[in-house]
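Undergrad: Got a structure for you, questions after.
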Amino acid sequence: MVSGCLQKSLYGPIWRSRFGPLDLVNVASPDLITQVIQQEGKYPVRAELPHWKEYRDLRGQAYGLHVETGLEWYRIRSVLNPKMLKPREVSAYAPVIHQVVGDLLQRVELLRSRSPDQATVPDVAAELYKFGFEGICSVLFETRLGCLQEDVPEDTLRFIAAVNNMLSLSNIMIVFPRWSRSILPLWRNFVQAWDHLYDVAQKLIEKRVADLEAQVSRGEPAEGSYLAYLLSSDRLSRAEVYISVTELMLGGVDTTSNTLSWALYHLARDPKAQDHLYNEVNSVCPKKRQPTTEDLSRMAYLKAVIKETLRLYPVVFGNGRFVSENEVIVNNYWFPKKTQFHLCHYAACHDEAEFTNPEDFVPERWLNVESPSSHSGRATPGFYQHHPYSFIPFGVGVRACVGKRLAEMEMYFALSRLMQHYRVEPEDGAPVVPPKTRTLLVPSKSINLRFLSRA
């Protein structure tokens with residue numbers, strides 16, 4: 001089951017399970033998640049990914065953040081962090097993200113004009129995947145790819161399809177033993193998906209490297225893009241730069257696109273919440289003025305909408321912790337070294353002890369108020385009243401998501417601009433869309449929405 005909620009109701013907040021060769025200790029309460037994380041050691045390991053490592057060995061590639069461990073992992077992470085996690089550095093990406101958001105608005109207009117009712121945009125998540133890909137590539141390469149234009153580049157579609165295939169197969173591959181590689185097509189398809197991912201990334205990297213070398217030959221400074229920073233750091237090998245950029249592209253497509261899709265899905269079904277958000281954005285940025293990073297600090301409800309969306313649909317529904325350095329005590333149970341823990345974030349985010357009416361979309365719960373919400377009519381506890389480890393959508397500590405700040409900025413700018421221009425409604429007769437697991441948590445059906453011009 002995706003959530004772990006059923007198992008928690010049957011077995012309590014800690015239980016053991018087997019998934020193929022994996023022997024897991026599941027923890028599904030904020031207190032127990034805290035206990036695991038506080039004992040994970042200096043160089044925590046999220047989870048063992050033997051099939052990812054096997055692919056890298058097959059192709060002679062560097063391991064990268066998701067496969068490398070220990071001091072080598074820390075070395076790579078310490079190079080990636082500064083330009084991705086420091087607020088001032090991330091703010092410098094705002095102009096290029098605004099350009100991408102502008103293209104997204106034009107894409108919505110194009111799709112509306114093609115629909116029979118001049119309003120419906122089919123499969124919103126698919127369009128937002130293109131937005132996510134264009135956004136991360138604009139930051140990494142300081143190059144526009146045209147992913148949101150009328151004719152979408154073939155490599156963009158190939159990369160997004162490969163992301164879907166690889167993540168879908170990744171969950172399955174780990175169950176099957178290595179001897180099955182030559183018998184079943186799964187391994188061949190998994191390798192092909194990774195080959196597509198790496199091939200597209202390699203083309204983009206090599207093109208940008210050629211541009212940078214041409215700048216240097218002309219006596220111009222080769223700087224500006226994130227790739228230029230990585231190449232000039234001299235702390236990563238060229239192979240490590242290639243795999244790190246590929247993984248950043250992979251993460252940049254899914255995180256923002258799925259969260260924005262779910263946010264629009266709920267706002268379309270909750271007119272009062274949508275009005276609240278529109279009024280806030282309009283008051284801070286009247287007459288459809290483009291918001292700045294400073295404006296975002298005055299949009300508490302915008303941030304609450306994103307937080308509530310991530311609570312209902314954490315991008316990673318459960319995270320692994322392979323505690324290899326220490327013995328661990330959790331809930332008074334002793335576990336030896338090399339115990340694989342599964343942190344059930346979805347179950348923690350949907351815990352009634354932490355969140356009142358946990359299945360409801362209530363952005364107000366993240367506002368620092370204790371009065372009944374004018375939107376929902378329910379008491380909305382302040383954000384400080386829930387356990388801090390009941391909601392860690394980007395992880396915590398040294399293993400937290402390296403692209404967290406960039407993803408948040410992309411989502412804030414995109415959602416605020418969409419609200420400025422459109423009122424969003426469900427398609428007539430639209431079904432309820434539950435989530436499904438594809439390594440990450442994604443919509444199980446197409447989300448089709450009507451975008452009605454506010455003009």
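Undergrad: Hey, can you tell me all the residues within segment 228-249 that are of a type in the set (A, V, I, L, M), modelled with pLDDT of 90 or more and assigned to a helix (DSSP H, G or I)? Explain how you work it out, then say what you get.
TA: Step one: filter segment 228-249 for residues of a type in the set (A, V, I, L, M), giving 228, 230-231, 236, 239, 241, 243, 245, 248-249.
So of that shortlist, the ones also modelled with pLDDT of 90 or more come out as 230, 236, 239, 241, 243, 245, 248-249.
Across segment 228-249, the qualifying residues are LEU230, ALA239, VAL241, ILE243, VAL245, LEU248, MET249.
Undergrad: Could you grab me the full set of residues in segment 309-337 that are within 15 Å of ARG16 (Cβ to Cβ) and assigned to a loop (DSSP other than H, G, I, E, B)?
TA: Of everything in segment 309-337, those that are within 15 Å of ARG16 (Cβ to Cβ) and assigned to a loop (DSSP other than H, G, I, E, B) turn out to be GLY318, ASN331, PRO336.
Undergrad: Next question, about the same structure. Inside segment 100-128, can you point out the residues that are over 20 Å from ALA455 (Cα atoms), out of contact with any Cys (no Cβ under 9 Å at 6 or more places or on another chain) and in a helix (DSSP H, G or I)?
TA: VAL124, ALA125, ALA126, GLU127, LEU128
Undergrad: Related question: Looking at VAL216, VAL163, VAL191, VAL175, which is the one that is loosely packed, with under 14 Cβ neighbours inside 10 Å, out of contact with any Pro (no Cβ under 7 Å at 6 or more places or on another chain), of a type in the set (A, V, I, L, M) and in contact (Cβ under 8 Å) with a residue 60 or more places away in the chain?
TA: On the way: VAL216 fails: in contact (Cβ under 8 Å) with a residue 60 or more places away in the chain; VAL163 fails: loosely packed, with under 14 Cβ neighbours inside 10 Å; VAL191 fails: loosely packed, with under 14 Cβ neighbours inside 10 Å.
Answer to the check: VAL175.
Undergrad: Output the number of residues of segment 171-212 satisfying the condition of being hydroxyl-bearing (Ser, Thr, Tyr) and in contact with a Leu (Cβ under 8 Å, 6 or more places away or on another chain). Reasoning before the result, please.
TA: Let us first name the residues in segment 171-212 that are hydroxyl-bearing (Ser, Thr, Tyr), namely 180, 182, 198.
Subset that is in contact with a Leu (Cβ under 8 Å, 6 or more places away or on another chain): 180.
Residues flagged as hydroxyl-bearing (Ser, Thr, Tyr) and in contact with a Leu (Cβ under 8 Å, 6 or more places away or on another chain) within segment 171-212 amount to 1.
Undergrad: Between TYR63, TYR43, TYR93, which is under 26 Å from THR439 (Cβ atoms), in contact with a Leu (Cβ under 8 Å, 6 or more places away or on another chain) and of a type in the set (Phe, Trp, Tyr)?
TA: Working: TYR63 fails: in contact with a Leu (Cβ under 8 Å, 6 or more places away or on another chain); TYR93 fails: under 26 Å from THR439 (Cβ atoms).
One residue alone meets the criteria, TYR43.
Undergrad: Continuing with the same structure: Can you tell me how many residues within segment 67-90 are in contact with a strand residue (DSSP E or B) (Cβ under 9 Å, 6 or more places away or on another chain), surrounded by 19 or more Cβ atoms within 10 Å (Cβ to Cβ) and either of a type in the set (Gly, Ala, Ser) or farther than 16 Å from PHE322 by Cα (or both)? If you could, list the steps in order and put the result at the bottom.
TA: Our first condition is that a residue be in contact with a strand residue (DSSP E or B) (Cβ under 9 Å, 6 or more places away or on another chain); within segment 67-90, this holds for 69-70, 73.
Still in the list and also surrounded by 19 or more Cβ atoms within 10 Å (Cβ to Cβ): 73.
Right, trim to either of a type in the set (Gly, Ala, Ser) or farther than 16 Å from PHE322 by Cα (or both) and you get none.
Residues flagged as in contact with a strand residue (DSSP E or B) (Cβ under 9 Å, 6 or more places away or on another chain), surrounded by 19 or more Cβ atoms within 10 Å (Cβ to Cβ) and either of a type in the set (Gly, Ala, Ser) or farther than 16 Å from PHE322 by Cα (or both) within segment 67-90 amount to 0.
Undergrad: Could you list, in sequence order, all residues of segment 272-299 that are within 30 Å of VAL433 (Cα to Cα), surrounded by fewer than 14 Cβ atoms within 10 Å (Cβ to Cβ) and of a type outside the set (Lys, Arg)?
TA: Initially, segment 272-299 is screened for residues within 30 Å of VAL433 (Cα to Cα), giving 272-282, 296, 299.
If we keep only those that are surrounded by fewer than 14 Cβ atoms within 10 Å (Cβ to Cβ) as well, we get 272, 279.
Residue satisfying the conditions is ASN279 alone.
Undergrad: So which residues in segment 25-43 are of a type in the set (Ser, Thr, Tyr) and within 10 Å of ASN331 (Cβ to Cβ)?
TA: Kept after step one, since they are of a type in the set (Ser, Thr, Tyr), are these residues of segment 25-43: 29, 34, 43.
The one that is of a type in the set (Ser, Thr, Tyr) and within 10 Å of ASN331 (Cβ to Cβ): SER29.
The values are calculated or read from the model by the stated rules, or taken from the named source; none is laboratory data. As the structure is a prediction and not an experimental result, all values here were calculated from the model. Don't worry about glycine lacking a Cβ; one is built from the backbone with ideal geometry, like all the others, and counts go over all protein chains shown.
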